[in-house]
Amino acid sequence: MNIDNNDILIRLRYALDLKNTEMVDIFKLGGIELSKDEVMKVLTKSMDHEESKEGMNKEDDHIQMFESFLNGFITFKRGKREPKAGQEERPELTYEHVNNLLLKKVKIALSLTSEDMIEILELADVHITKGELGAIFRREGHKNYRICGDRYARNFLKGLAIRYRG
């Protein structure tokens, strides 16, 4: 079973016990204005791959919304960071693989170490080495970069729920 962005958002929201108003705030911090009702639709709709109005694939729209949410989540948890000279106010969207984005950005938002990440995965009975985890955090195109599979993403979210709700 493939895990999609909406499913990830639903699981992340549950794992970290985020309220509807917090979800609205997080999207806003990521640059997307959504009402509470619109957030609820995002959290219940399954992803489809039709063309959007601008001719952009809806999957691209979903990835943009997902990455914007994760950027907003970092700001929500860690506070607004002042951009350095010549740096964009908001991070540029990478359109990187969804599962890699999830692990990288949640790690940053929650100030997790690699050891914390490994422990969270172990709570869901998944064992990963520090080297394997490091490959997931590499930039796409790096010779040691690895795509994070759905199994790791799903179990990371499961481990987060155990750690933060358990």
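Can you tell me which of (1) closer than 16 Å to Leu157 by Cα; (2) in contact (Cβ under 8 Å) with a residue 24 or more places away in the chain; (3) assigned to a loop (DSSP other than H, G, I, E, B) is the one Ile108 doesn't meet? Going through the list (1) closer than 16 Å to Leu157 by Cα; (2) in contact (Cβ under 8 Å) with a residue 24 or more places away in the chain; (3) assigned to a loop (DSSP other than H, G, I, E, B), Ile108 breaks only (3).
Just to be sure, is Gly31 part of a loop (DSSP other than H, G, I, E, B) and at pLDDT 90 or above?
Details: part of a loop (DSSP other than H, G, I, E, B): yes; at pLDDT 90 or above: yes.
It is true that Gly31 is part of a loop (DSSP other than H, G, I, E, B) and at pLDDT 90 or above.
Picking from Lys41, Lys36, which residue would you name as being surrounded by 10 or more Cβ atoms within 10 Å (Cβ to Cβ), modelled with pLDDT of 75 or more, of a type in the set (D, E, K, R) and touching a helix residue (DSSP H, G or I) at 6+ places or on another chain (Cβ under 6 Å)? Just one listed residue meets the conditions, Lys36. Taking the residues in the range 110-149 that are under 25 Å from Leu18 (Cα atoms) and polar (S, T, N, Q) as candidates, determine which candidate is surrounded by the most Cβ atoms within 10 Å (Cβ to Cβ). My answer is Ser114. Number of residues in the range 14-23 that are surrounded by fewer than 19 Cβ atoms within 10 Å (Cβ to Cβ) and in contact with a helix residue (DSSP H, G or I) (Cβ under 8 Å, 6 or more places away or on another chain): the value is 6.
The values are calculated or read from the model by the stated rules, or taken from the named source; none is laboratory data. Note that this is a predicted model, so its numbers are computed, not measured. Note that we place each Cβ from the backbone using ideal geometry, even for glycine, and neighbour counts take in every protein chain shown.
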